[in-house]
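Student: Dumping the structure here so I can ask a few things about it.
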């Protein structure tokens, strides 16, 4: 009989941590706009924020595809023009 090895549990990410990462990203974005910081630093902050959001989403919704689809539907209902604003019209 084989025993299954379990991965070490990942530390939980709370919404306060995501808010802090958003704040740090906003500060770097302002600095980048002024020319005070490099693009790589801004990119690192953005990647850290995205990873935290993905981990948080997995913690809340798990691997359940149906729940993820409901989340996407809720986002579209809350702000139907969000995705259109991301597409350049030129």
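Student: What spacing in nm lies between the two simple spin-label points modelled at residue 24 and residue 36, each 7 Å away from Cα in the Cβ direction?
Tutor: Inter-label distance under the simple model: 1.7 nm.
Student: Can you compute the modelled spin-label distance between residue 56 and residue 17, with each label point 7 Å from Cα toward Cβ, in nm?
Tutor: Rounded to a tenth, the inter-label distance reads 1.0 nm.
The numbers here are math on the coordinates, done by the rules we state, and not lab data. This one's a predicted model, so the numbers in the text were calculated from it and none came from an experiment. Counting neighbours? That spans all protein chains shown, and the Cβs are built from the backbone with ideal geometry, glycine included.
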